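Reviewing the structure listed below.
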Amino acid sequence: MKRRKLLGYAGAGLGASLGMGMIDQAQAQTTGVTIRSLGHTSFLFTGGGRRILVNPFRRIGCTAGFPSPAQPADIVMISSRLFDEGYLNELPGEPRVLTDPGVYDFENLRIQGILTPHDRQGGRHFGNNTVWRWAQGGVNIVHMGGAAAPLRVEEQILLGRPDIMLVPVGGGPKAFDAAEAVQAVQVLRPKIVIPTHYLTTVAGASCELDPVDNFLALMPGTPVTRAGQGALTVRPNDLPSQGMRIQVYQYPRA
C-alpha cells in the first residue's frame, strides 16, 4: 500500500459543529452532489469540486460479490478499521484518509466525525464507529457508518437534521437492525434516507444480515424510490419540501 496521510483527532464540540453553517451557505450555490453506491456502506460522493469516498471494504462475507470499491478520491473517510468499512490497500493515488472522530477543515469544506459504539455493548466487542457529517454541493449529509447504539442527546445535537442520511438497516452484531434504524431516522428526521448494510444476492453464505425490505416494512407511508442505476445526483432543489423519502440504490455486481 502506498504511503498515505492519516489525519488524526482535530478537536470536536458543539461550537465547531455550529460553525459548519457558514460553510454550508458558501456551498449552497453549487449544483448538488452525485452519490454512487459501491455496495454495503461504501459510497462515492462527487460535487463541489471534490470526490469523497466513504468506507472502502475488502470483498469477503457480505461484500464478497461486489466489485472493488477502490475509486479515485480526494478524501477517504472510514467508520472503523474493520475490513467492511476500512480496507485501504487497493486505493489508487494519495487521498487524504480520515480515520478518527474530530473536526477537519479543508478549503470550503468542513468534515466532522462523531464517535458512537460499533456494537450494543458500548463498543466492547467491535470497538467504536465514526459517524461522518459534512456538506457537499449545497447538501448536508450524515453517513452513519456501522452505528449500533441508540443516538444520545449530545450526538443528536452534533448531527442536527441532515438533508441525506445513510443508515445501516440489516442488523447483525455491529450495526442497526431495521427497528433500530427506524428509531435513528425518527430522531434525526432527514429529508432523504438511504439504507445501507443489508443482505444482497451477492453476499457470501456466511452473511447474517437482513434484507432491506425489513426496514421498508417498518416505514409505511414513506415514499420509496428504487434507482434504476447505481448513481444519482441530488440538488438542493430536489430535496422534499415536507416529510422524507427513502432512496434504495441498485447495488453493483462484480
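The values are calculated or read from the model by the stated rules, or taken from the named source; none is laboratory data. Just so you know, these numbers come straight off a predicted model, no measurement behind them. Counting neighbours? That spans all protein chains shown, and the Cβs are built from the backbone with ideal geometry, glycine included.
So here's what we get for this one:
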item: Failed condition for Thr233, given (1) under 13 Å from Cys62 (Cβ atoms); (2) surrounded by 13 or more Cβ atoms within 10 Å (Cβ to Cβ); (3) touching a residue at least 60 places away in the same chain (Cβ under 8 Å); result: (1)
item: Which listed residue, of Leu98, Leu7, is closer than 21 Å to Gln136 by Cα and modelled with pLDDT of 95 or more; result: Leu98
item: Condition broken by Gly145, with the remaining ones in (1) modelled with pLDDT under 90; (2) on the phi > 0 side of the Ramachandran plot satisfied; result: (1)
item: In segment 157-177, residue nearest to Val54 (Cα to Cα) [restricted to those that are among the small types (Gly, Ala, Ser) and touching a strand residue (DSSP E or B) at 6+ places or on another chain (Cβ under 9 Å)]; result: Ala175
item: Residue match in segment 155-164 (condition: over 18 Å from the mean Cα position of the chain (by Cα), on the phi < 0 side of the Ramachandran plot and surrounded by 18 or more Cβ atoms within 10 Å (Cβ to Cβ)); result: no
item: Among residues of segment 215-230, those that are of a type in the set (Gly, Ala, Ser) and either within 21 Å of the chain's Cα centre (by Cα) or crowded, with 16+ Cβ neighbours inside 10 Å (or both), counted; result: 3
item: When residues of segment 165-182 are limited to those that are at pLDDT below 95 and buried (at least 23 other Cβ atoms within 10 Å of the Cβ), the one nearest to the chain's Cα centre (by Cα); result: Ala175
item: Wholly enclosed helices (runs of 4 or more DSSP H) of segment 140-254 bearing at least 1 residues of a type in the set (A, V, I, L, M) and more than 21 Å from Ser79 (Cα to Cα); result: 178-188, 212-217
item: Which numbered condition Gly113 misses (of (1) assigned to a loop (DSSP other than H, G, I, E, B); (2) in contact (Cβ under 8 Å) with a residue 60 or more places away in the chain); result: (1)
item: Pairs, first farther than 10 Å from Tyr198 by Cβ in segment 155-184, second part of a helix (DSSP H, G or I) and among the polar types (S, T, N, Q), C-beta under 6 Å, six or more apart; result: Leu158/Ser17
item: Some residue of segment 52-70 being surrounded by fewer than 20 Cβ atoms within 10 Å (Cβ to Cβ) and among the β-branched types (Val, Ile, Thr); result: yes
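Residue-wise test of (1) among the aromatic types (Phe, Trp, Tyr); (2) touching a Gly at 6+ places or on another chain (Cβ under 9 Å); (3) closer than 16 Å to Ala231 by Cα; (4) at pLDDT below 95.
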site	(1), (2), (3), (4)
Gln27	no, yes, no, yes
Phe43	yes, no, yes, no
Gln71	no, no, yes, no
Glu85	no, yes, no, yes
Asn89	no, no, no, yes
Gly122	no, no, no, yes
Trp134	yes, no, no, no
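Each row is one residue, and each column tells you yes or no for (1) at pLDDT 95 or above; (2) not hydrophobic (A, V, I, L, M, F, W, C).
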| site | (1), (2) |
| --- | --- |
| Val33 | yes, no |
| Val54 | yes, no |
| Ile75 | yes, no |
| Leu82 | no, no |
| Glu107 | no, yes |
| Thr116 | no, yes |
